[in-house]
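Throughout, read-outs are computed from the coordinates displayed, never taken from laboratory work. Computed from a prediction, not measured in an experiment: that's the story for all the values here. A quick note on method: Cβ atoms are made from the backbone with ideal geometry, for glycine too, and the neighbour counts reach across all protein chains shown.
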Amino acid sequence: MSHKKKYLAVIALGLIGITLALVSYFVSPNPEIDTPIGSNLPTGRPDEQLATDPEVEAPGEAQITESTKYVREATIGRGATFSHVLATQLDFSSSQIHRLAEAVRPLMNVRKIDAGTKVKTTFVESTDQAGELVAEPVRVSMKISDRKTLIVTNLNEENPNAVIEEAVITSSTRAYSGAVNHSLWASASSAGMDPAIITSMAEIFAWQIDFNREVRANDRWRLVVEEVFANGKSIGYGDIVSAEYVNAGINYVAIKYELDDRTQYFQPDGDSLKRMFLKSPLKFGRITSGFQAQRFHPILKVNKAHLGVDYGAPTGTPVMSVGDGVVSFAGTRGGSGKMITVRHNAVYRTEYKHLSRYSENIRPGARVSMGQTIGYVGATGLATGPHLHFEFHEGSNVVDPQGMKFPTADPVPANLMADFLAKATSVVAQMPPWSALVLTKQDDEGKPSVEATTGLPEPVIR
Ligand SMILES: [Zn+2]
């Protein structure tokens, strides 16, 4: 640029600036914080707070007449790196990226930023000695989680200052109640509750109720749940503190209690809600063959996985269901001979094979309890001699029951019982009274009529 051209450029810029200032003054209700026009850079909105921050001044000398601040936002896309986004979306120079990376390195791994994370950058724009508009990033803020925000300031200096700001986390409790009309899920929606909380409740009561099969119309529930806030803004729900579910007229109550640094749930009297399975389906009998991925089959003469545990015992030895559940199969099936399948909950089922016979009333749909005799040892199907082949299924996998760590079924320890009972009394009192629950019923003509439910017993704290 020649001297003359530069001179003209400065005048032209000045005129444009004055014109724009006038235009923005008359167009904008608040010209001080208006977005500058006429530059290819500003695509974001100005940051009011920063605009009054005295420490972020335009760099440079007396020739620089005026500086403008604005914020641009970029989003880290899937597979994109932090530095790539800075370079391509925010026009950072490689030295600016380097300074930023050095400042951030001790605080976090920028390679592990979730896709969708937004990077807000404050730029200071000024006219340099040559009359050119220069924009320099001075501050970056990036919300890396609901609870943490990375803030880097003084980006234009040799050693920028990086900190991770932790949100102030608070929590309070919310109470909900609902009645099953169409479905459990729908009951959560009509109660104005996030249906995801229903899933948590179903997990708590999974050992008592099979929520896939046993939910009945007019079942009802009520619960107290923690709501978590970051800087006063709700970021979701925490643990259920107390819950009650009335299934086909029977109530189940769960109270949260922290024990051994774990969140556990107990009945109001301190008993565990969880039922451990029996260690063995036979009172007497020894394991003759354990669970193995590979085994030489004595009859088929091939290497075959043994996905169960064999218990050697005389024909006629009683076989017990290892847990509460419902018989889903009782009959003959190929090499398994006479067998029984017991479904315990949505996750677990057990199978008992080579039986000589079944106990009375054991047929599909029959309810069985832990320890109940369901059949008798035999040698039906492919068996070299009388034994029980026992299988444990977790979801779609056959698992080694001896390697399984089932949840503890221990009650609240005696030395903590008084503390637990005091907490239980307090959280049960926080649950909405059943009388507050309004059931919508349909009358004979199919029109909804409203009826308040009463008469259900409140849970008793011993
Ligand atoms: Zn076997």
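Structure values in brief
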{"item": "Proximal charge balance of ALA230 [Cβ under 13 Å; K/R count +1, D/E count -1]", "result": "0"}
{"item": "Rounded to the nearest 20 debye, dipole of the range 286-403 from Cβ charges on Lys, Arg, Asp, Glu", "result": "300 debye"}
{"item": "Estimated D of the range 297-428 in µm² per second, where Rh is the Kirkwood radius over Cα pairs and Stokes-Einstein applies at 10 °C, 1.306 mPa s", "result": "96 µm²/s"}
{"item": "Cut-off 15 Å between beta-carbons: net charge of the residues surrounding GLY285, Lys and Arg +1, Asp and Glu -1", "result": "+3"}
{"item": "Computed FRET value (nearest 0.05) for VAL163 with PHE329, which takes r as the C-beta separation and R₀ as 35 Å", "result": "0.05"}
{"item": "Percent RCO, i.e. relative contact order, over the range 221-370, from Cα pairs under 8 Å lying at least 6 residues apart", "result": "14 percent"}
{"item": "GLU227 long-range amide H proximity, modeled H, under 5 Å", "result": "SER172, THR173, ARG174, GLY238"}
{"item": "In sequence order, calculated HN-Hα J values of the range 125-140 (Karplus, 6.51, -1.76, 1.60; Hz; x Gly/Pro)", "result": "10, 8, 9, 7, 4, 7, x, 8, 7, 10, 10, 10, x, 10, 8, 10"}
{"item": "Two-site label geometry, MET276 and PHE229: point separation in nm, points 7 Å out along Cα→Cβ", "result": "4.2 nm"}
{"item": "Extension gain, LEU382 back to MET417 (0.36 nm per residue minus Cα-Cα distance, nm)", "result": "7.5 nm"}
{"item": "Charge sum, other residues only, whose C-beta stays under 13 Å from VAL377's C-beta, Lys/Arg counted +1 and Asp/Glu -1", "result": "+4"}
{"item": "Net length gained if the chain between ARG78 and ASN251 were fully extended (0.36 nm per residue, minus Cα distance)", "result": "57.5 nm"}
{"item": "Contour excess over end-to-end distance, with Cα ends at THR288 and SER171 and 0.36 nm allotted per residue", "result": "36.7 nm"}
{"item": "Violating pairs (Cα-Cα greater than 20 angstrom) within the set LYS118/LYS148; LYS143/LYS256; LYS69/LYS233; LYS279/LYS304; LYS279/LYS338", "result": "LYS143/LYS256; LYS69/LYS233; LYS279/LYS304; LYS279/LYS338"}
{"item": "Point-to-point label distance, LEU107-ASN154, nm (Cα→Cβ direction, 7 Å offset)", "result": "1.3 nm"}
{"item": "Derived scalar couplings ³J(HN,Hα) [the range 397-404; Karplus, 6.51 cos²θ - 1.76 cosθ + 1.60; whole Hz; x for Gly, Pro]", "result": "9, 8, 10, 7, x, 6, x, 7"}
